[in-house]
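Engineer: Have a look at this one before I ask anything.
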Amino acid sequence: MTDDPSINDRILDAALRLAASRRWSAITLRDIAGEAGLSLAALNEAVPSRAAILALLNRRIDQRMLAALDKDPVSGDDHDRIFEVLMRRLEVMAPYREAVASIIADPTTLLDDPPEIASSLGRSLGWVLAAAGLEDSGGRDVVKRLGLAAVYRRVLGVWVEDDDPGLARTMAALDRSLRDGETWLRRLAPALSLAGAFGSAARALVRGRRRPAA
């Protein structure tokens with residue numbers, strides 16, 4: 001993708017305008033180029049696919065969410081912090097709710113470029129965990145991101161249909177999903193700790209074999 005923020009913003013804003021009024025699967029790269037006032041060649045130079053445009057959306061949301069949290073950090077226990085960070089993310093996404101509804105309602109979205117979409121979402125959820133002070137390493141971090149992805153997808157489905165200004169349904173769904181995820185993670189904790197111990201032992205064994213004899 002290009003490093004030119006003005007071009008990226010034009011492309012992303014054009015795609016979001018189209019998605020707010022049409023099915024995402026019906027929007028072509030030619031449509032996005034035309035809406036952005038660009039040639040197909042210029043669009044290709046900036047982004048390689050529609051999935052890359054969704055990555056631009058995640059990046060924009062990440063930056064705005066983190067900027068808001070810099071001004072007003074979250075506090076409380078682990079559950080409270082991750083809850084607040086995800087609710088802040090949804091607040092930042094509010095102007096794009098119709099477009100997001102179109103994107104997530106389309107099952108073919110994941111077929112555009114599965115590795116790009118998975119990578120982009122994984123990076124965004126990594127920033128969510130970082131903002132909540134819940135970053136981890138190794139297997140636990142992978143498990144946290146996978147679990148959080150399931151929570152995020154479920155809550156997005158509620159959020160796009162929640163017409164309550166206070167987002168009561170969304171908050172209830174998020175609280176419930178996070179608690180389910182926390183229970184799941186606690187159950188996995190012994191296995192993850194054992195896997196980490198085996199991994200450390202294996203690495204130590206390999207290092208020992210590589211040392212030259214005295």
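Engineer: Report Rg(Cα)/(2.2 N^0.38 Å) for the range 119-189, keeping two decimals.
Structural biologist: 1.16
Engineer: Quick one: what Rg and Dmax do you get for the range 1-68 from the alpha carbons, in Å?
Structural biologist: Final numbers for Rg and Dmax: 11.6, 36 Å.
Engineer: Sort T170, T108 by heavy-atom solvent-accessible area, probe 1.4 angstrom, most to least.
Structural biologist: Most to least solvent-accessible, the answer reads T108, T170.
Engineer: Give me a comma-separated list of calculated 3J(HN,Hα) values for the range 20-29, in order, Karplus coefficients 6.51, -1.76, 1.60 applied at θ = phi - 60°, integers in Hz, x for any Gly or Pro.
Structural biologist: In residue order, the calculated couplings are 5, 10, 9, 5, 4, 5, 8, 9, 9, 5 Hz.
Engineer: Just to be sure I follow: if Rg is taken over the C-alpha atoms of the range 1-117 and Rh is the Kirkwood radius over the same atoms, what is Rg/Rh?
Structural biologist: With Rh from the inverse mean 1/r over Cα pairs, Rg/Rh is 1.02.
Engineer: Counting only protein heavy atoms and a 1.4 Å probe, tell me what percentage of the range 84-154's accessible area is made up of carbon and sulfur.
Structural biologist: 61
Engineer: Let me ask something else about it. Which of the three applies to the range 54-154, rounded, prolate or oblate, going by the alpha-carbon gyration tensor with a ≥ b ≥ c and a/c under 1.5 meaning rounded?
Structural biologist: Verdict is oblate for the range 54-154.
Engineer: Could you do me a favour and compute the accessible area per residue for the range 68-150, 1.4 Å probe, result in Å²?
Structural biologist: 51
The values are calculated or read from the model by the stated rules, or taken from the named source; none is laboratory data. Everything numeric here is computed off the predicted structure, so don't read it as measured data. Side chains included, ligands, DNA and RNA excluded: accessible areas come from the protein's heavy atoms. Shrake-Rupley method; radii C 1.70, N 1.55, O 1.52, S 1.80 Å.
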